[in-house]
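Worksheet for the structure shown next.
The values are calculated or read from the model by the stated rules, or taken from the named source; none is laboratory data. Small disclaimer: the values here were computed from a predicted structure and weren't measured. So basically every Cβ, Gly included, is an ideal-geometry build from the backbone, and we count neighbours across all protein chains shown.
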Amino acid sequence: RKEVEQDPGPFNVPEGATVAFNCTYSNSASQSFFWYRQDCRKEPKLLMSVYSSGNEDGRFTAQLNRASQYISLLIRDSKLSDSATYLCVVERGSQGNLIFGKGTKLSVKP
Amino acid sequence: DAMVIQNPRYQVTQFGKPVTLSCSQTLNHNVMYWYQQKSSQAPKLLFHYYDKDFNNEADTPDNFQSRRPNTSFCFLDIRSPGLGDAAMYLCATSGGTEAFFGQGTRLTVV
């Protein structure tokens with residue numbers, strides 16, 4: 001089983017749609033969780049950290065369920081500029097090993 | 001303004017000819033990572049440094065080595081590049097929360 005698994009995608013949605021990405025992780029000792037965004041041929045950039053209480057940043061909402069080892073990202077009112085690959089990232093252990101999921105490609109169409 | 005700088009952006013090397021990729025940071029972060037990313041795949045952690053402590057992933061080939069002479073610089077040495085080593089190599093740093101990535105070095109092996 002891979003350490004971090006994501007929905008394979010791709011997700012093709014119209015502008016204004018709500019889209020949800022899911023991610024599971026295998027190491028119950030994992031400490032920190034993140035969603036990164038990666039545009040084509042660019043480096044990954046942090047979208048948001050994920051907290052047990054859930055957190056929201058504008059149109060983006062992230063949730064963590066430690067019991068189920070499950071992370072989610074919800075994007076509301078999708079924009080064309082949201083088109084990118086979304087990477088689920090889990091910090092393994094206390095010394096900062098960041099392990100990436102394969103990513104889910106989102107394409108928002110007019 | 002770039003905080004994590006990778007040089008060069010593009011590197012062409014011959015099959016079997018040693019090559020070194022470099023990374024520098026202005027953030028004074030104690031953790032530095034090297035990732036390999038192939039087309040349509042997740043960034044794969046090769047190794048990371050926590051200060052001077054080197055942490056190698058179990059499945060990183062011996063062909064890949066790294067040096068961190070000081071806090072600011074980190075190098076990736078590929079001793080005998082093969083065609084399968086062609087990829088984007090991403091350097092990242094972390095001070096305990098999010099990771100900051102450089103723009104990557106795209107390696108071509110001919």
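A few comments on the model shown:
- Checked across the range B:86-93, the condition of being farther than 22 Å from A:T85 by Cβ, touching a Ser or Thr at 6+ places or on another chain (Cβ under 8 Å) and not in a loop (DSSP other than H, G, I, E, B) holds for no residue.
- Applying the condition of being at the interface with another protein chain (Cβ under 8 Å from one of its Cβ atoms) and not in a strand (DSSP E or B) to the range B:95-109 and asking which residue is nearest to B:V19 (Cα to Cα) yields B:G104.
- Within the range B:33-78, considering residues that are of a type in the set (S, T, N, Q) and assigned to a loop (DSSP other than H, G, I, E, B), the one farthest from the chain's Cα centre (by Cα): B:S40
- Residue match in the range B:36-53 (condition: surrounded by 13 or more Cβ atoms within 10 Å (Cβ to Cβ) and in contact (Cβ under 8 Å) with a residue 60 or more places away in the chain): yes
- Condition check for B:D62: among the charged types (D, E, K, R) and either over 22 Å from A:F100 (Cα atoms) or away from chain A (no Cβ under 14 Å) (or both): yes
- Filter result (more than 8 Å from chain A (Cβ to nearest Cβ) and over 19 Å from B:N70 (Cα atoms)) within the range B:32-45: B:Q36, B:Q37, B:K38, B:S39, B:S40
- Residues in the range B:61-74 that are under 24 Å from B:F15 (Cβ atoms), among the polar types (S, T, N, Q) and out of contact with any Lys or Arg (no Cβ under 9 Å at 6 or more places or on another chain): B:S66 alone.
- A residue that is hydrophobic (A, V, I, L, M, F, W, C) and more than 24 Å from A:P14 (Cβ to Cβ) can be found somewhere in the range A:39-47.
- Residue check for B:L21: part of a loop (DSSP other than H, G, I, E, B) and either under 20 Å from A:N97 (Cα atoms) or modelled with pLDDT of 95 or more (or both): no
- Listed by position, the strands (runs of 3 or more DSSP E) contained in the range A:1-103 that have at least 2 residues being within 13 Å of chain B (Cβ to nearest Cβ), touching a residue at least 12 places away in the same chain (Cβ under 8 Å) and closer than 25 Å to B:Y49 by Cβ are A:32-38, A:45-50, A:84-92, A:97-100.
- Residue that is surrounded by the most Cβ atoms within 10 Å (Cβ to Cβ) [pool: residues in the range A:43-57 that are under 29 Å from B:G104 (Cα atoms) and charged (D, E, K, R)]: A:E43
- Residue within the range B:74-94 that is in contact with an Asp or Glu (Cβ under 8 Å, 6 or more places away or on another chain), more than 10 Å from chain A (Cβ to nearest Cβ), farther than 24 Å from A:E3 by Cα and not charged (D, E, K, R) present: yes
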